[in-house]
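Structure, as structure tokens:
The values are calculated or read from the model by the stated rules, or taken from the named source; none is laboratory data. The model shown is predicted, which means the values in this text are computed figures rather than measured ones. Cβ placement follows ideal geometry from the backbone for every residue including glycine, while neighbour counts extend to all protein chains displayed.
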Amino acid sequence: MDSRSRAADLLALVPAAAIPFVFLHARYQPEGTLGPAHVFMSDVVIAIVVVAAIAAGFRFGWRPLFPAWPLWLAAAALVGLFLVSCFWRPLEQTTTHLVTAAKIAEYALLAPAVVLLFRRRAHVDRFLVAFVVWGAAASGWAALQFLGLINEFEGRRPGQLEPSFLGNIDFAAFSGAVLAVGFTGIALRTNMRVTYTAVTAGAVGAIIAAQVLPYFGIVLMAIACLFLAARANMLARRRALAIVAITAVVGVGVLALRSYDTANFLRFLGIKPASKSANATVQTGSQRTMLAYIGFRIWLDHPVLGVGFERSANRYQPYLAAAKRKFPQAAYAFPSKEHPWGVQSLWVQLLADTGVIGFILGVVTFVIALALALRGPPTALPFVLVAIGWILVSVGAWAGIGIVAGIPLQAVTWLGFGLAAVVEGLE
């Protein structure tokens, strides 16, 4: 192996080494301040990945970035709109919003970084193995929390949904991404040791995280995996049934741990008779529906460019009375100065904060990434399935959380975009 190949292999290991720091909740990371910004270890590690990618670009060339130029253009336009909309009048906490937008831009750099770093199939393989190993660690930690053997964020709460060392929705999305690696291995019958680990870790993690909207992303991912593998004539019936069965088992597990919330959401929709205690506590499904309603009302009054990045969390007042009439529930569920819940859905918040233009840019960015992955050659099908799986899991997970910067879900999303841009040029 010549020095050029050794350098490429070493640089390609940097994203794999970054996984334990990027996919870790902020409370477990050392932090400091840099002006108005809180800087965590994950920020430092992402900067190292970007520096390694720049070094790879200078050493081996920038050409791998060129085929994905529509993705870079759409993503840059979206992040640019976030930054510019911080200055919509009236000005409101501009510095805080600029810091959030800057951190989104920082995580977005993961996508072109992996394109520059992953020059060969072996580079992606090693990265995915490290990803699955960390997924197994996360699911194992969550299992210990579930059994009441170790503390989670709120102490010991055995038998409940658990956040592992990531946070609930981040853990669910991360587990879904790990499961995508497993489903790809089952569908194409590749690297079965990694496949079994990925399926076990991903399924256990998705069940214990018990997040319904990320599970919808898992369902989309499973459908896409089955369809694309079958289209390539590489899917046996037995393996297809295995993917369907695992998806169903995960769904049953998620609903079992979410049974109380599910029952209350059905009461909220009027499908199930109301109980005396139905409105005594906040239930995530009904609360998210109410907050989405407020977000849509904000957008209807500011349809083109929205109210400004992150402003929707503080623009609920004109719609609060109508929301209380339309969605009766506990007072704690409604937004207030003490509880600025925000919209709690990326897709609705894009409308409220940046209007129809921001929403279109967001959707277009995801669609372009999916199109890039689908353009990959047949020899890259395993990586195509993983990239599409990560993107679709992200689509579902972002439906359950607003625009939050610096979280593992954001890393899954941009890494999925990066893998989609990588597949066409792999050696």
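What the table below lists for this structure:
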read-out	value
Residue match in region 341-355 (condition: in a helix (DSSP H, G or I) and on the phi > 0 side of the Ramachandran plot)	yes
Check on residue 150, surrounded by fewer than 19 Cβ atoms within 10 Å (Cβ to Cβ) and β-branched (Val, Ile, Thr)	yes
Boolean, residue 146 is in contact with a Lys or Arg (Cβ under 8 Å, 6 or more places away or on another chain), farther than 25 Å from residue 191 by Cβ and touching a residue at least 24 places away in the same chain (Cβ under 8 Å)	no
The listed residue being surrounded by 12 or more Cβ atoms within 10 Å (Cβ to Cβ) and either at pLDDT 90 or above or in a helix (DSSP H, G or I) (or both), out of 321, 278, 313	313
Test: residue in region 202-225 that is assigned to a helix (DSSP H, G or I), of a type outside the set (D, E, K, R), crowded, with 18+ Cβ neighbours inside 10 Å and touching a strand residue (DSSP E or B) at 6+ places or on another chain (Cβ under 7 Å)	no
Near pairs, Cβ below 6 angstrom, 6+ apart or cross-chain, from region 69-91 (touching a residue at least 40 places away in the same chain (Cβ under 8 Å)) to any residue that is of a type in the set (A, V, I, L, M, F, W, C) and assigned to a loop (DSSP other than H, G, I, E, B)	82/309; 85/309; 86/309
Residue 32 part of a strand (DSSP E or B), free of Cβ contacts under 8 Å to residues at least 60 places away in the same chain and small (Gly, Ala, Ser)	yes
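Residue-wise test of (1) within 17 Å of the chain's Cα centre (by Cα); (2) crowded, with 19+ Cβ neighbours inside 10 Å.
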residue	(1), (2)
76	no, no
92	no, no
97	no, yes
103	yes, yes
111	yes, yes
116	no, yes
123	no, yes
140	no, no
160	no, no
